[in-house]
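Report on one structure; see the data block that follows.
The values are calculated or read from the model by the stated rules, or taken from the named source; none is laboratory data. As the structure is a computational prediction, the values presented were derived from the model and not from experiment. Glycine also receives a Cβ, built like all others from the backbone with ideal geometry; neighbour counts cover every protein chain displayed.
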Amino acid sequence: MKFNQIRNATVRIAYAGKKFLVDPMLAGKGAYPGFAGTVNSQQSNPTVGLPVSLDEILDVDAVIVTHIHPDHWDDAAKTLLPKDIMLFVQNKKDAGAMQAAGFRNIRVLEDRTVFDGITLIKTTGQHGRGKVLQDFGEILGEVCGVVFQHPEEKTLYLAGDTVWYEGVADNLKQYKPDIIVLNSGDAKVLPDEPIIMGKEDVYEVYRAAPHATIIASHMEALNHSTLSRKDLREFLREKGMTHRVLVPDDGESYSF
C-alpha cells in the first residue's frame, strides 16, 4: 500500500495493484471564493497550489468521491477526469450529479463492493455535531468513509468528512483497520462550530485504535481550516502520539 497526500482531502492510494484518486479538488490556488458562513471566508480557495503535476494525479484506475462538496469534487475535476473513468460514489443522488456532468462509468458503493479483488466498504460519517447539524444539516448533507480490504494488504479506513462520534468508534471496532486516514483540519462554520476532526478528535481515534497508524489529511488548504500542521504536531508531541500519528505535507507519501 502507498498513500500519497496531494492537497486538502485529495489523496492517491495504491492498493493491491490498483491506484485510486480520492476526493479530487484539482483547481489552481485561489480559483474559488471562500465558503460563505465559515471562518475566514474572505480567503479564496484552495489556499495553496497542487504539489505535483496533474498528469501524475490523474494516473489512476478509479476515483472515489466520498461526497460532492466542492472541496472534494470541484469543477476542475469534472473537466480534467476522463468521462469513462471508474467513479465510486456514496449514493444515487451523487451518481445522478456525476451523470449530469457527463461521466459514464459510475458505481454506487454498497455495504461491500468488490473492484478487481479489492473490497470497498462504505462507512458512516457525521459532518458536525449538535446545533451545527440542526442549522446546516441540509447543506452539510450525507457523507461517507471507505474501508479498503484485500488478503495481501493491510486494512485501510478512510474516515471522510466526519467528527469523532459513535459511528467512527463502531467502524474501528468492526473493521480493526491497520491504517486510518482522518480529515483533521478542524474546519469550522460560524461562529465556532467544527464540521470535521480537530486534534481532540484525532486523540479519541488514537485511543480507540491502539494498534493503528493514523494519517492526518485535509489540512491547510481551505479558508475554514483552523488547525495547522504545526499545531497538530505540537499536540502530538505533548501527548506522546508521534510514533503512530503521521502529519504529511502536501506531496508527501508513505508506504505500508
Legend entry - the range 114-123, subset of a type outside the set (A, V, I, L, M, F, W, C) and under 19 Å from the mean Cα position of the chain (by Cα), residue nearest to ASN91 (Cα to Cα): LYS122
Legend entry - Selection within the range 94-107 - touching a residue at least 12 places away in the same chain (Cβ under 8 Å) and either basic (Lys, Arg) or surrounded by fewer than 15 Cβ atoms within 10 Å (Cβ to Cβ) (or both): GLY102, ARG104, ASN105, ARG107
Inset, instruction - Please find, within the range 231-249, the residue that is nearest to THR213 (Cα to Cα) out of those that are outside any loop (DSSP other than H, G, I, E, B) and of a type in the set (A, V, I, L, M). - result: VAL245
Legend entry - Contacts under 7 angstrom Cβ, first residue in the range 44-72 being at positive phi, partner outside any loop (DSSP other than H, G, I, E, B) and modelled with pLDDT under 95, 6 or more apart: none
Legend entry - Residue, farthest from GLY28 (Cα to Cα), within the range 79-100, restricted to residues that are charged (D, E, K, R) and not in a loop (DSSP other than H, G, I, E, B): LYS92
Inset, instruction - Would you be able to say whether some residue in the range 6-15 is in contact (Cβ under 8 Å) with a residue 40 or more places away in the chain and more than 12 Å from the chain's Cα centre (by Cα)? - result: yes
Legend entry - One residue from VAL168, VAL146, VAL163, VAL132 being in a strand (DSSP E or B) and of a type in the set (A, V, I, L, M, F, W, C): VAL146
